[in-house]
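Asks: Could you have a look at this structure, given as structure tokens, before my questions?
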Amino acid sequence: MRTRPRIGAMAPMDAKHSPMDNARMNTFINSRFCTRFGLTTPVALAPMALASGGALASACARAGALGLVGGGYGDLAWTQREYTLALQAAETGRIGCGFITWKLDEDASALDWVLDHAPEHRPRAVMLSFGDARRYGARIAASGAALICQIQRMEQAPQAVEAGATVIVAQGAEAGGHGMNALHGRATMTFVPELADWLSAHAPDTLLLAAGGIADGRTLAAAMVLGADGALVGSRLWATAESLAPQGAKELAVRTDGDGTARSPVFDILRRKNWPAPYDFRAIRNPLHRVWEERIDTLRSDPAAARDAYDAAVLAGDFTAAHVTVGEGVGLVRDLPTVAALIARMDRGARARLG
């Protein structure tokens, strides 16, 4: 059985990092995640497609978190530009990249490009979500990168371990963007401790991150108490100055509470994204979403007019129809700070609650 590190225990000093970084490591939770990746706060940036660009990933890395560029659907040109920007902006050893696994099955050129870098420029970690990571595990391990696998149900855990995951992310259905639908999804509150117990018994060296609703120091502390080694943070880091999300979308998120999101296939249909079951998409429940959320079959059968309305809204920056990708944690988003200010705030809040 795995014994979780006790709060307040001293972490080993790391010569690669500054005395200030090492001091912060030793005053925070002795998280295995921090120790493994040389972090000062046990947080990883969710690799959100088209939002987690090089500026956001590098800002997270400089703030002491793991910065994962959102390779998403595997667009090669976008990944090349943003991953290069992240490396140029943050020579911290805390930069990685994330991809949608089922899209890699169609075209893995962006993953190949990232892993084909010289050793000093290869990602510290590669995160794969929504599919079977086993076909990529050996290649990622050979590159020296750690494999992070995001899962949504207990039945997926053995497959992630078999793939060679260094870290497993337990994604609750509260999370923004893609995740398990309402029929199959789990709540972060119960999924994390159940998976922590399973890992203790079956893969005690595998680290665990919580995802879904982690948006401040309280929720980060809660994730640690539930048995996680840290947290994957999406919506809260999406709503920062360095995020590539449109400014109008961020401002709407600040005005939206936790009741204001919904999980459905509506925006995948409107965006022509052919996601496999049982995954769908959580975003702000705006007027266009409300028109179609109870008429999914009708929308699937004749989406042309709705897609025209959606496309026009995206061009106009009109978020009554264009999607805003956030989860239930949006109710804890009340400003649009810099990443440095936000990570420091989460760090202080979590440490204050954990003692």
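Asks: Has segment 100-109 got any residue that is open to solvent by less than 50 Å² (accessible area, probe 1.4 Å) and within 16 Å of the chain's Cα centre (by Cα)?
Replies: Within segment 100-109 (the criterion being open to solvent by less than 50 Å² (accessible area, probe 1.4 Å) and within 16 Å of the chain's Cα centre (by Cα)), the answer is yes, since at least one residue qualifies.
Asks: Next question, about the same structure. If a residue must be assigned to a loop (DSSP other than H, G, I, E, B), open to solvent by 10 Å² or more (accessible area, probe 1.4 Å) and out of contact with any Gly (no Cβ under 7 Å at 6 or more places or on another chain), how many such residues does segment 262-320 contain?
Replies: Qualifying residue count, segment 262-320: 16.
Asks: Give the residues of segment 321-355 that are in contact with a Pro (Cβ under 9 Å, 6 or more places away or on another chain) and either basic (Lys, Arg) or open to solvent by 50 Å² or more (accessible area, probe 1.4 Å) (or both), sorted by residue number.
Replies: Residue satisfying the conditions is ARG345 alone.
Asks: So, of the residues in segment 149-178 that are buried (at least 22 other Cβ atoms within 10 Å of the Cβ) and touching a Cys at 6+ places or on another chain (Cβ under 8 Å), which turns out to be nearest to THR190 (Cα to Cα)?
Replies: Only one residue fits best here, namely VAL169.
Asks: State which residue is surrounded by the most Cβ atoms within 10 Å (Cβ to Cβ) when the search covers only segment 179-191 and only residues that are in contact with a Gly (Cβ under 8 Å, 6 or more places away or on another chain) and hydrophobic (A, V, I, L, M, F, W, C).
Replies: For segment 179-191, the residue satisfying everything is PHE191.
Asks: Select from segment 219-245 the residues that are surrounded by fewer than 21 Cβ atoms within 10 Å (Cβ to Cβ) and in contact with a Gly (Cβ under 6 Å, 6 or more places away or on another chain) and list them in ascending order.
Replies: LEU244
Asks: Every residue in segment 192-202 that is open to solvent by less than 10 Å² (accessible area, probe 1.4 Å) and either out of contact with any helix residue (DSSP H, G or I) (no Cβ under 8 Å at 6 or more places or on another chain) or at positive phi (or both), please.
Replies: ALA196
Asks: Here's another thing I want to ask about it. From the list ALA141, ALA157, exactly one residue is part of a helix (DSSP H, G or I) and in contact (Cβ under 8 Å) with a residue 40 or more places away in the chain. Which is it?
Replies: ALA157
Asks: Working carefully through the options ALA210, ALA215, ALA182, ALA145, find the one that is of a type outside the set (Asp, Glu), touching a strand residue (DSSP E or B) at 6+ places or on another chain (Cβ under 9 Å) and under 30 Å from GLU120 (Cβ atoms).
Replies: The conditions single out ALA145.
Asks: Can you pull out every residue in segment 76-115 that is of a type in the set (A, V, I, L, M) and part of a helix (DSSP H, G or I)?
Replies: Hits for segment 76-115 are LEU76, ALA77, LEU85, ALA86, LEU87, ALA89, LEU104, ALA110, LEU111, VAL114, LEU115.
Asks: Still on this structure, please answer the following. Between a first residue in segment 233-252 that is free of Cβ contacts under 8 Å to residues at least 12 places away in the same chain and closer than 22 Å to LEU208 by Cα and a second residue that is part of a helix (DSSP H, G or I) and among the aliphatic types (A, V, I, L, M), which pairs have beta carbons less than 8 Å apart while being 6 or more apart in sequence or on different chains?
Replies: Hits for this filter: zero, empty list.
Asks: Please work out which one of (1) open to solvent by 60 Å² or more (accessible area, probe 1.4 Å); (2) touching a residue at least 40 places away in the same chain (Cβ under 8 Å); (3) charged (D, E, K, R) is the condition ARG81 fails and give its number.
Replies: Against the list (1) open to solvent by 60 Å² or more (accessible area, probe 1.4 Å); (2) touching a residue at least 40 places away in the same chain (Cβ under 8 Å); (3) charged (D, E, K, R), ARG81 comes up short only on (2).
Asks: Out of (1) open to solvent by 20 Å² or more (accessible area, probe 1.4 Å); (2) closer than 25 Å to VAL333 by Cβ; (3) in contact with a helix residue (DSSP H, G or I) (Cβ under 6 Å, 6 or more places away or on another chain), what's the single condition that is false for ALA253?
Replies: (1)
Listed here are the residues, each with its yes/no results for (1) open to solvent by less than 10 Å² (accessible area, probe 1.4 Å); (2) within 24 Å of THR325 (Cβ to Cβ); (3) touching a strand residue (DSSP E or B) at 6+ places or on another chain (Cβ under 6 Å); (4) in a loop (DSSP other than H, G, I, E, B).
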site: ASN30; (1), (2), (3), (4): no, no, no, yes
site: PRO47; (1), (2), (3), (4): no, yes, yes, yes
site: LEU50; (1), (2), (3), (4): no, yes, no, yes
site: ALA57; (1), (2), (3), (4): yes, yes, yes, no
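Asks: Which pairs turn up if I take residues in segment 213-232 that are over 18 Å from GLY331 (Cα atoms) and look for partners that are in a helix (DSSP H, G or I) and aromatic (Phe, Trp, Tyr) with beta carbon separation below 8 Å, at least 6 apart in sequence or on another chain?
Replies: Hits for this filter: ASP229/PHE33; GLY230/PHE33.
The values are calculated or read from the model by the stated rules, or taken from the named source; none is laboratory data. Nothing here was measured: the structure is a model prediction, and the numbers come from that model. We place every Cβ from the backbone using ideal geometry, glycine too, and count neighbours over all the protein chains shown. For accessibility, only protein heavy atoms count, side chains too; no ligands or nucleic acids. Shrake-Rupley method; radii C 1.70, N 1.55, O 1.52, S 1.80 Å.
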